[in-house]
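The values are calculated or read from the model by the stated rules, or taken from the named source; none is laboratory data. All of these numbers come straight from a predicted model, not from anything done at the bench. Quick reminder, even Gly has a Cβ in these numbers, built from the backbone with ideal geometry, and neighbours come from all protein chains shown.
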Amino acid sequence: MEFITETIKTPVKGKYDVIIVGAGPSGCGAARACGEKGLKTLILDRFNCLGGAWTIGFMNPLFDHANKNGFIKELKDRLKEKNKWGGFANMSFHYEYMKAILERTMQELGVDMLFNTTFSKTITEGNRVTGVVVENIEGRSAYLADVVMDCTGDGAVAADAGCEFVVGEDGDYTECQAMTLMFLVGNIPEKWKNGGMIFENLNHAYEKEGLSIPFTRPYLIPVPDTRFGVVQFTHMYNYNPLSAKDITEANIEGRKQMIEAFEALKKHDADLGCLELIASSATLGVRESRRIIGDYTVTTEDILEGTQFPDGVCDATFNVDVHTKANKGQRYYNVKPYQIPMRALLPKGWDGIVVAGRCISGSRDAMASYRVTGNCCQMAENAGYIIAYAKEKNIPIREVKVLEVLEKGKHIL
Ligand SMILES: Cc1cc2nc3c(=O)[nH]c(=O)nc-3n(C[C@H](O)[C@H](O)[C@H](O)COP(=O)(O)OP(=O)(O)OC[C@H]3O[C@@H](n4cnc5c(N)ncnc54)[C@H](O)[C@@H]3O)c2cc1C
């Protein structure tokens, strides 16, 4: 590969205790805790809102929420106040209200936010992360921090620093879970107001069209208190989640599948032919990409045996759910409620960086359980409390007695 050496001078625009890159469920959880503890905190995202998969990704419902206190409970309470929580599986929410509530929370806590700001480079000194370079309307800027939290889902900050990671099955990205482009539909008929599996409808319509269905467990998921909802259907296999070209092509295939599905229903389904197509998500749903290697790797045995850890930061109960090309469906099995240890959030051999969300250190099957948003949010929130405690006591994050901090703060069940 050819390289160029840049000679661009990058202005330092701010110095923070904590910079959170990526404002999805994990980023927002982290920012909630850091803000509450009075840390000077910046959260940034490439899109124009907070929430990641919760908002820009049109994801619903919010799995593994029921056993969570802290921010997840607070969000549910705030959504309930507006009658925007409930509906499908009794754990769905309105995307726009979620955005507004997240923004209000960050404003109340004094957390700085930067939207339409894309992380591009990690600043390091030896094996310590000291900041990030970002690109936005102001061009390229640097922001420095004591701790950078990588909440990008893809482990982008950690990978750029040089932290070790794995992807797919022994490096084979074609085994990564399928990607999905979510899309919104309106005019949901009364009969379908509670949503549900729409395989029969789609399969029948596909057969009539002579098309092969890309996924065998599609769902219509209405947004509470509205006549619109999201369809979880398109499934793209064999694309590399770390290739810009593949991401582009997967989006294009997703849109093709969406139109095919919509038109097939319109033509052949008396029930769902009345649906109106509103929009595809502005971001491709990527279920699996980098898993950063941490001080500890959550194993498949841990989730089967229900391992509890002295440094547990998340109580996970969601079962393993792998969207696989093998059966164009899901490989699904039960876990025993287990914990995620803080060590799985600490990239091995690195300081100044904490990862949270789906890119933490775990086996593929473990990730297929803890990746759901209730867990991503709780692990990041508790990591935020640990970072704050380490700062207050002026000790390394790795020396914090996690259980004592979290029990004292009643942050974990
Ligand atoms: C199609 C699909 C359906 C799913 N369904 C469900 C479901 O029903 N319920 C459930 O609970 N979970 C579901 N999940 C799982 C869940 O959505 C994710 O695992 C979870 O959102 C991961 O949280 P996160 O914070 O790690 O990442 P994300 O939610 O992906 O957030 C990462 C954020 O980082 C930002 N970002 C990334 N790179 C950069 C960069 N370079 N610069 C700036 N910002 C950046 C992104 O814009 C995004 O906002 C689903 C996932 C997919 C893909």
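Things worth noting here:
- Among the residues making up region 35-50, those that are near the ligand (Cβ under 9 Å from one of its atoms) and either under 20 Å from Thr234 (Cα atoms) or surrounded by fewer than 24 Cβ atoms within 10 Å (Cβ to Cβ) (or both) are Leu44, Arg46, Phe47, Cys49.
- Condition check for Phe119: part of a loop (DSSP other than H, G, I, E, B) and within 15 Å of the ligand (Cβ to nearest atom): no
- Applying a threshold of 8 Å to beta carbon distances and a minimum spacing of six or more residues, or different chains, the list of pairs starting in region 100-112 at a residue that is over 17 Å from Gly384 (Cβ atoms) and ending at one that is of a type in the set (D, E, K, R) reads Ile101/Arg78.
- Candidate set: region 7-34, residues that are part of a helix (DSSP H, G or I) and within 7 Å of the ligand (Cβ to nearest atom); chosen: the one surrounded by the fewest Cβ atoms within 10 Å (Cβ to Cβ): Gly27
Yes or no, residue by residue, for (1) part of a strand (DSSP E or B); (2) among the acidic types (Asp, Glu); (3) at pLDDT below 95:
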position: Val134; (1), (2), (3): yes, no, no
position: Met149; (1), (2), (3): yes, no, no
position: Asp154; (1), (2), (3): no, yes, no
position: Thr174; (1), (2), (3): no, no, yes
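- Cβ pairs under 7 Å, 6+ apart, first in region 33-58 and of a type in the set (Asp, Glu), second more than 7 Å from the ligand (Cβ to nearest atom): Glu36/Leu109; Asp45/Phe115
- Search result, residues across region 196-214 that are surrounded by fewer than 22 Cβ atoms within 10 Å (Cβ to Cβ) and touching a Phe, Trp or Tyr at 6+ places or on another chain (Cβ under 8 Å): Gly196, Met197, Ser212, Ile213
- Per the listing Gly195, Gly210, the residue uniquely touching a helix residue (DSSP H, G or I) at 6+ places or on another chain (Cβ under 6 Å), more than 30 Å from Ser363 (Cβ to Cβ) and not charged (D, E, K, R) is Gly195.
- So Arg128, is it touching a Pro at 6+ places or on another chain (Cβ under 9 Å) and either of a type in the set (D, E, K, R) or under 20 Å from Gly155 (Cα atoms) (or both): no
- Qualifying residue in region 103-110 (condition: more than 15 Å from the ligand (Cβ to nearest atom) and of a type in the set (D, E, K, R)): yes
- Any chance Asp160 is assigned to a helix (DSSP H, G or I), touching a strand residue (DSSP E or B) at 6+ places or on another chain (Cβ under 7 Å), over 30 Å from Cys274 (Cα atoms) and of a type in the set (Asp, Glu): yes
- Failed item in (1) at negative phi; (2) surrounded by fewer than 14 Cβ atoms within 10 Å (Cβ to Cβ); (3) in contact with a Lys or Arg (Cβ under 8 Å, 6 or more places away or on another chain), with Glu125 passing the rest: (3)
- Checked against the criteria, Asp225 does not count as within 14 Å of the ligand (Cβ to nearest atom) and either surrounded by fewer than 23 Cβ atoms within 10 Å (Cβ to Cβ) or in a loop (DSSP other than H, G, I, E, B) (or both).
- The residues of region 228-239 that are part of a loop (DSSP other than H, G, I, E, B) and either at pLDDT below 95 or under 15 Å from Leu265 (Cβ atoms) (or both), listed by number, are Phe233, Thr234.
- When the residues of region 231-259 are filtered to those that are within 14 Å of Leu202 (Cβ to Cβ) and crowded, with 19+ Cβ neighbours inside 10 Å, the one that is nearest to the chain's Cα centre (by Cα) is Gln232.
- Met379, sole failed condition from (1) touching a helix residue (DSSP H, G or I) at 6+ places or on another chain (Cβ under 7 Å); (2) away from the ligand (no atom under 11 Å from the Cβ): (2)
- Qualifying residues in region 128-169 (those that are closer than 15 Å to Leu114 by Cα and of a type in the set (Ser, Thr, Tyr)) - the one nearest to the ligand (Cβ to nearest atom): Thr152
- Residues in region 202-235 that are within 14 Å of Phe183 (Cβ to Cβ), among the polar types (S, T, N, Q) and out of contact with any Gly (no Cβ under 7 Å at 6 or more places or on another chain): 1 in all.
- Here the strands (runs of 3 or more DSSP E) wholly within region 302-352 that include at least 1 residues being without any contact (Cβ under 8 Å) to a residue 60 or more places away in the chain are 320-324, 329-333, 338-341.
- Residue check: Tyr97 meets all listed conditions (1) within 15 Å of the ligand (Cβ to nearest atom); (2) among the aromatic types (Phe, Trp, Tyr); (3) outside any strand (DSSP E or B) but one, namely (1).
- Among the conditions (1) on the phi > 0 side of the Ramachandran plot; (2) crowded, with 24+ Cβ neighbours inside 10 Å, Asp302 misses just one, which is (1).
- Pair list, Cβ under 8 Å, 6 or more apart: region 174-199 residue at positive phi, other residue within 11 Å of the ligand (Cβ to nearest atom): Gly195/Phe88; Gly195/Tyr219; Gly195/Ile221; Gly196/Tyr219
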